[in-house]
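Student: Here it is, the structure in full.
The values are calculated or read from the model by the stated rules, or taken from the named source; none is laboratory data. It should be emphasised that the depicted structure is a prediction, and the values quoted were computed from it without experimental measurement. Please note: Cβ atoms are built from the backbone with ideal geometry, for glycine as well, and neighbour counts cover all protein chains shown. Areas reflect the complete protein model, heavy atoms only, side chains present, ligands, DNA and RNA absent. Shrake-Rupley method; radii C 1.70, N 1.55, O 1.52, S 1.80 Å.
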Amino acid sequence: MTLCNNFFIDCFLRQQKVSAQSIRTVVIALGVLLVSGCTSYGGSVKEALTQIETENYQEAETEFKKNLKPEGNDALLYYAELGLLHHLSGDYSKSNQLLSKAEDLAEDGYTLRVSEVLKSMFTSSSNTNYLGTPVEHLYYNYFKALNYLQLSEKARTKKEKKTLLDQARVEARRIDLKLRVIEKQEGTYEEAKKRSETTFAQLLRIFELLNGNTLEKDKLVFRQSAYANYLSGVIYERYGEWDDARISYQKAAQLYEAGYAEQLGLDQGITEQAWLDTARAMLKAGGYRNEVTRITDTKLSVENRTELKRYTDNRQTLGEVIIIEHAGLAPRLGELNFYLTVDMDTQELVLRPILTGSIEQQRNQFAWFYMLYADKGLLNLVKQYREGGLYDVLTRFAQEKRVGLGPLWETAADLGLIAAADKFGIRVTVPYYGPINKVMPKGSRVYVNGQSYAMKTADSPAMLALQHQLLKAGADLNAALVRESLQQITTFQATAGLSEEGTGALIGGLISLGSSITSSADTRSWLSMPYDIRIRRIALPAGQHSVKMNQLKTKQIQVRPGQLGLVEFRTFQQNTKALEQAY
């Protein structure tokens, strides 16, 4: 950065004749150097997340409050992060108050969404109100439901326990309503499968691959949540509503089977677990003998058939415990920079990535660019060979994105875009994820009275976040291009009367630099969320039992005949060094 500053100082003092092209090169270099050290949201709350990992919740709250305020653009994150923090610390009532506020803000945000989009066109996207994602909105109710279940465990009277379970059931209903809206908007897994099998869809996929479009976006869409349905089954079971529990467990099993488990890369055993619990609920509800036989014969392994029989034969003396593990932390979004220029000869807009940070970070940024934006595929390769020969294929292929404007070239020129991009170029930024598997927590085992059981991955908020970002990557880039182009056109028009050389070019470059520095991506997300959610459900004799997670934490649970107890753990085993290198 010192070299770039000295360059500008020397140019100004000596009043050398410097071309606009030279200034453009230095402007973008200096702009990147100035912003490459800017802190993303993940970086700003890094200390809070570190304190969470060490269970220093009071210190974590202090750190969050240094960076987040209960009003303004980050209000939703303030209540979500602190709400989950109080859940972890065991202050379940306070957690519910904060998460309810987050839920209210999320709902209010929908009525403001249009104005927020317009606002983001004229300022940095990170300066708008954070509105959250559909998955995050779902987890407000999820953690509120867990809070009520935990509070019900400590209830002193039957009336108090029933009231708390009523409230947990309300959260289950809210989860179901939100999922129904999402499913209506996005369609079911069955509908998506039928679409993919049509001749039209298969031909379209062939031509998308020919053009280098490798993402099968229909497989990344969040349509439903098998795990949320499963938890609803747990809540209804705790409440004694066996038919509702049966419906929820069966819905979860069908969703896991239809595509949810494959989409998120979950343990195969989780589908069978949901079917096993469906059969259990059917036996409790009564009147489903034929359905239980069908599930036993077609869905359950020998081991789980034995488990179901053991539970059925010893219903008067056996209870159950469900162990829920929230593992790791959500992945952090990084910032990917682009440089937009024009090729006057071919009348194309040219978008090139600007890689910053460590070698590892630069590789991750290039991989994201290549996967989502780069010109790739056979048709693009042939086009580049036609225009520039072998050299262009080797040097440009997969390293830039070119868009031929055709008849829109004149429109772009009239708007001032061509002149603005040609003079200084336009810097734009978008959010991106590094390879999230590098920070994935290791598999877990739970020990009950000394006996070891493998935990089963039932959901992955990290994978849902990654897939959401993959799907919105194109929209993020388009919005960033529009926003920065508007600012740069304004800058160009303000400097139109300045000389193309010497001091005039320098002043224009400095003004353009100021505009470039303001470009930033919105890297906000709910970062105290778990990476994965894992469960294990075990039938146990009535009485006191010791439950230990990963040989680290031990909790006690009182198991009652015919009832389902709950034990919850939060674990942190992720590779911190890899996390820092990835983003």
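Student: If you check T188 against the conditions, is it farther than 30 Å from Q399 by Cα, within 22 Å of the chain's Cα centre (by Cα) and at pLDDT below 95? Before the answer, list the steps.
Tutor: Values: farther than 30 Å from Q399 by Cα: yes; within 22 Å of the chain's Cα centre (by Cα): yes; at pLDDT below 95: yes.
Judged against the criteria, T188 is a match.
Student: I need the full set of residues from segment 143-161 which are farther than 16 Å from K94 by Cβ, touching an Asp or Glu at 6+ places or on another chain (Cβ under 9 Å) and open to solvent by 10 Å² or more (accessible area, probe 1.4 Å), in order please.
Tutor: Passing the criteria: only K161.
Student: Further question: So, in segment 200-243, of the ones that are among the acidic types (D, E) and at pLDDT 65 or above, which residue ends up farthest from Q167 (Cα to Cα)? Reasoning before the result, please.
Tutor: So in segment 200-243, the residues among the acidic types (D, E) come out as 208, 216, 218, 237, 241, 243.
Cutting the leftovers down to at pLDDT 65 or above gives us 216, 218, 237, 241, 243.
On the way: E216: 40, D218: 35, E237: 14, E241: 14, D243: 19 Å.
My answer is E216.
Student: Need a quick list: helices (runs of 4 or more DSSP H) entirely within segment 246-351 having at least 2 residues that are open to solvent by less than 20 Å² (accessible area, probe 1.4 Å) and modelled with pLDDT of 90 or more.
Tutor: Values: elements: 261-264, 269-285, 289-299, 302-313.
Result: 261-264, 269-285, 289-299.
Student: When segment 242-275 is examined, which residues are found to be closer than 17 Å to L308 by Cα and touching a residue at least 60 places away in the same chain (Cβ under 8 Å)?
Tutor: G269, I270, Q273
Student: Let me ask something else about it. Select, from D414, D422, D476, the only residue that is closer than 21 Å to R363 by Cα, out of contact with any Gly (no Cβ under 8 Å at 6 or more places or on another chain) and not aliphatic (A, V, I, L, M).
Tutor: Working: D414 fails: closer than 21 Å to R363 by Cα; D422 fails: closer than 21 Å to R363 by Cα.
Exactly one of D414, D422, D476 is closer than 21 Å to R363 by Cα, out of contact with any Gly (no Cβ under 8 Å at 6 or more places or on another chain) and not aliphatic (A, V, I, L, M), namely D476.
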